[in-house]
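The values are calculated or read from the model by the stated rules, or taken from the named source; none is laboratory data. Small disclaimer: the values here were computed from a predicted structure and weren't measured. Virtual Cβ from ideal backbone geometry, glycine too; neighbours counted across all protein chains shown. Quick note on the areas: whole protein, heavy atoms, side chains included, nothing else; ligands and nucleic acids left out. Shrake-Rupley method; radii C 1.70, N 1.55, O 1.52, S 1.80 Å.
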Amino acid sequence: MTDNDESPQYGPIRRGAAHTEPVQRLPFDISRLSVTGLVIICELDDPTPGNSRPSMNMKMTQYLRLSDESMIRLDMDRGVSTFKLGRIEAVSWKRSAADVISEVLTLVQADASEPGSFPWEHYAQAARLRGISIDAEALRDLPNTVLLSDDLAIMYEF
């Protein structure tokens, strides 16, 4: 091999690395964990197929945060699509983070029985289906967090 040859070289990380034992996985006992909050993660979603207009799609995935900092997905996803009509110049989606979070909360709260509240009973039911024992009243007292992905922050020009 010459100095100009740029072919990849293989080198083991450490002697005997190929002969290690597989990681022993422990059973996951969710009954020992408590729910510490609601987390809504917002991400840029795929464009709508066949759409030629300037558009932006956002998906909102909802989780319960547990006492070990893990999160359990609730399968209560939401999404929103925004279109710009009649535009020829470059499109700007610029909005403040507070406006985006307000819109996310409005969309998530749409299924709630009380205006301006979360659908706590739906969350409690989804949690019970996943083996988490919690009621709507206990959920109501927990903090909620909205997280916006880096891609969304760039899109909204934060």
message = Cβ-Cβ under 6 Å, sequence separation 6+ or interchain: first residue in the range 142-157 and over 19 Å from residue 118 (Cα atoms), partner outside any strand (DSSP E or B). Which pairs?
response = 155/93; 156/93; 156/95; 156/100; 157/94
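Which residue, of 45, 5, is modelled with pLDDT of 80 or more, farther than 30 Å from residue 141 by Cα and acidic (Asp, Glu)? Walk me through it before giving the result.
Working: 5 fails: modelled with pLDDT of 80 or more.
Unique residue meeting the criteria: 45.
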query = When you look at residue 73, is it basic (Lys, Arg), out of contact with any Ser or Thr (no Cβ under 7 Å at 6 or more places or on another chain) and either crowded, with 16+ Cβ neighbours inside 10 Å or closer than 20 Å to residue 35 by Cα (or both), yes or no?
reply = no
inquiry  = Taking the conditions exactly as written (exposed (fewer than 14 other Cβ atoms within 10 Å of the Cβ), among the polar types (S, T, N, Q), modelled with pLDDT of 90 or more and out of contact with any Gly (no Cβ under 7 Å at 6 or more places or on another chain)), does residue 67 satisfy them or not?
reply    = yes
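Please verify whether residue 60 is in contact with a Cys (Cβ under 6 Å, 6 or more places away or on another chain), of a type in the set (A, V, I, L, M) and open to solvent by less than 30 Å² (accessible area, probe 1.4 Å), treating the condition exactly as stated.
Taking the combined requirement at face value, the residue satisfies it.
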ask   = Which one of the conditions (1) outside any helix (DSSP H, G or I); (2) open to solvent by 60 Å² or more (accessible area, probe 1.4 Å) does residue 121 fail to meet, given that it meets all the rest?
value = (1)
Residue list for the range 106-158, restricted to those being out of contact with any Pro (no Cβ under 8 Å at 6 or more places or on another chain), acidic (Asp, Glu) and over 21 Å from residue 30 (Cβ atoms) = 114, 150, 151, 157
task = Looking at (1) surrounded by 14 or more Cβ atoms within 10 Å (Cβ to Cβ); (2) part of a loop (DSSP other than H, G, I, E, B); (3) at pLDDT below 90, find the lone condition where residue 134 falls short.
result = (3)
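Sort out which residues of the range 93-116 are outside any helix (DSSP H, G or I) and surrounded by 11 or more Cβ atoms within 10 Å (Cβ to Cβ), and write them in order of number. Give the steps one after another, and end with the answer.
So the first thing to find is which residues in the range 93-116 are outside any helix (DSSP H, G or I), and the list is 93-96, 112-116.
Correct list: 93, 95, 96, 112.
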ask   = Any residue in the range 138-151 that is under 20 Å from residue 42 (Cβ atoms), loosely packed, with under 14 Cβ neighbours inside 10 Å and among the hydroxyl-bearing types (Ser, Thr, Tyr)?
value = yes
